[in-house]
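S.K.: This structure is in C-alpha cells; I'll ask about it shortly.
Readers should treat all values here as calculations from the given coordinates under stated rules, not as data from a laboratory. Here the structure is a predicted model, which is why all the values come from computation and not from measurement. For neighbour counting, all protein chains shown are included, and Cβ atoms are generated from backbone atoms with ideal geometry for every residue, glycine included.
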Amino acid sequence: MKPAKFAYHAPSSLDEALSLLQRYGGEARVLAGGQSLIPMMNFRLAAPAALVDLNRLPDLDYIKHENGVVRIGAMTRQRKLEFSPVIAERLPLLRDAIRLVGHLPTRSRGTIGGSLAHADPAAELPMMLQVLEGEVVARGPGGERVIKAGDLFRSILTTALEPGEILTEVRLPAMAPKAGHGVEEFARRHGDFAIAAVAVVIVHEGERCSKARLATGGTGPVPLRLTAAEAVLERKGPGEAAIDEAAEAAARAVEPMTDQNGSAEFRRHLVRVLTGRVLRRATEKGPR
C-alpha cells in the first residue's frame, strides 16, 4: 500500500523543525529513522498531514560521557550504539540489548530517540531506559524539559511528549564498574519484537546486593520496573532462594495482555522464567 498524501519538510535546524511542528498544530509527525512510522503510514495506520525530517540535523547525533552520565543525541543510530566504545565501557547492558533490536538494516537506520518516542512496549530501548534509570530531554515552544523514564511512557505508542515537542537527548547514568547485568527475551524469531523480555543490573558487595534494577517489556502497555523483585534481592542478596522469590515477585507484578502472540498467563510464565534466568546470568557476571 501507499501512504495518504502528506507534505514533506527537511529543516536544517532544530528551531526550524519546532516551528514546522507548531505550524501544523499537532497534525505533523517527526521522522527520525522511519523504521516504525513509514510502515504505519503505508498501512494507513498513521496519516499525518506532514513529515518533519530530522536527518539533516547533525547536532542530534553524538555519544558523550560526562560526570558519570552518558548523553546520547536522539538521532544517534542504533548501529552506532552497538559499536561505540563509550557504550561498551559505560553501558554494557545497552550494548547487549541493541544486538536484539530488529536486524542490521533496521539498526542501521533506526535511532535511539525514534524508538523511545514511538514507545512500542515490546521494543528493547524503552525497557533499557527503565532499567538504567534514564531520562530524556524534550524541546518545545516553551524551551527544554527533562522527563524521567518512569514518567515518559503513558500507554501503547503514547508518551508524555507534547505534539509540539521533539525528543533531543537521552541521558543514562553509567553502570557501576563490574556490575552484573543481562537481558533475556522470548520472541518467535530473532529480530522480532519480544513477547516478553526482562533486563537486570545488579551490584554486589560480597554476598550482599547493594543495588538491583529490573525491568520488563512486551508484557503490557508500557515497559515496567519490577520494584518488588528488586526489593527481594536488596533485602536477601542474590542467592538461589532469593532469585526464585524475585522471579515470583516479578510475575505477580506484571499485568500481561493477551493477543495473537500469546495469552496473559503465558506472558506471566515467561516473566517468571526470564527473570530467574537473567538474574542467574547477572550474578555469574558480577564480582563475589
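S.K.: In the neighborhood of Ala196, defined by Cβ-to-Cβ distances under 11 Å, what is the net charge if each Lys or Arg adds +1 and each Asp or Glu adds -1?
M.R.: Numbers: positive: Arg267, Arg268, Arg272; negative: Glu184, Glu185.
Net local charge, Ala196 excluded: +1.
S.K.: Let me ask another. What spacing in nm lies between the two simple spin-label points modelled at Glu284 and Arg56, each 7 Å away from Cα in the Cβ direction?
M.R.: Simple spin-label model gives 5.1 nm for this pair.
S.K.: Run the numbers on segment 180-282 and let me know its relative contact order in percent, using alpha-carbon pairs under 8 Å that are six or more apart.
M.R.: Values: 212 pairs, mean separation 29.6, N = 103.
29 percent.
S.K.: Any chance you could run the full-extension gain for Ala176 through Leu14? It's 0.36 nm times the residue separation minus the Cα-Cα distance, nm to one decimal. Mind showing how you got there, number by number?
M.R.: Working: separation 162, 0.36 × 162 = 58.32 nm, distance 3.39 nm.
Separation in residues times 0.36 nm, less the Cα-Cα distance, equals 54.9 nm.
S.K.: Here's a follow-up. Out of every Cα-Cα pair in the chain, what percent are more than 26 Å apart?
M.R.: Details: 17883 of 41328 pairs.
Cα-Cα pairs of the chain separated by over 26 Å account for 43 percent.
S.K.: Would you work out which of Ile243, Leu274, Gly191 lies farthest towards the positive end of the dipole of segment 180-282? Charges go on Cβ: Lys and Arg +1, Asp and Glu -1.
M.R.: Of Ile243, Leu274, Gly191, it is Gly191.
S.K.: If the cut-off is a Cα-Cα distance under 17 Å, which aspartates and glutamates reach Lys5, setting aside same-chain residues fewer than 8 apart in sequence?
M.R.: Glu27, Asp53
S.K.: Most fluctuating residue of Gly26, Gly276, Gly143 in a GNM of the chain with Cα springs under 10 Å: which is it?
M.R.: Among Gly26, Gly276, Gly143, the largest GNM mean-square fluctuation belongs to Gly143.
S.K.: Now for a different question. For segment 138-288, list log₁₀ I(q)/I(0) at each q in 0.19, 0.20 Å⁻¹, using the Debye formula over Cα point scatterers of equal strength and ignoring solvent, two decimals each.
M.R.: -1.12, -1.17
S.K.: Say we join alpha carbon atoms closer than 10 Å with springs in a Gaussian network model of the chain; which of Met40, Met128, Met257 then has the biggest fluctuation?
M.R.: Met40
S.K.: Past the 27 Å Cα-Cα mark, which pairs from Lys80/Lys236; Lys178/Lys236; Lys64/Lys236? Please report the intermediate quantities before stating the final value.
M.R.: Working: Lys80/Lys236 38 Å; Lys178/Lys236 20 Å; Lys64/Lys236 36 Å.
From Lys80/Lys236; Lys178/Lys236; Lys64/Lys236, over 27 Å: Lys80/Lys236; Lys64/Lys236.
S.K.: State to the nearest 20 debye the size of the charge dipole of segment 7-56 about its Cα centre, where the only charges are +1 on K and R beta carbons and -1 on D and E beta carbons.
M.R.: Rounded to the nearest 20 debye, it is 160 debye.
S.K.: Among all the aspartates and glutamates, which ones have a C-alpha under 13 Å from Lys211's C-alpha, if same-chain residues fewer than 8 places away are not counted?
M.R.: The qualifying aspartates and glutamates are Glu133, Glu230, Glu234.
S.K.: Taking the alpha-carbon centroid of each part, what is the distance from segment 98-161 to segment 2-38 in angstrom?
M.R.: 18
S.K.: Still on this model: Could you check which residue among Asp259, Asp59, Asp151 shows the biggest mean-square fluctuation in a GNM of the chain with a 10 Å Cα cutoff?
M.R.: Asp259
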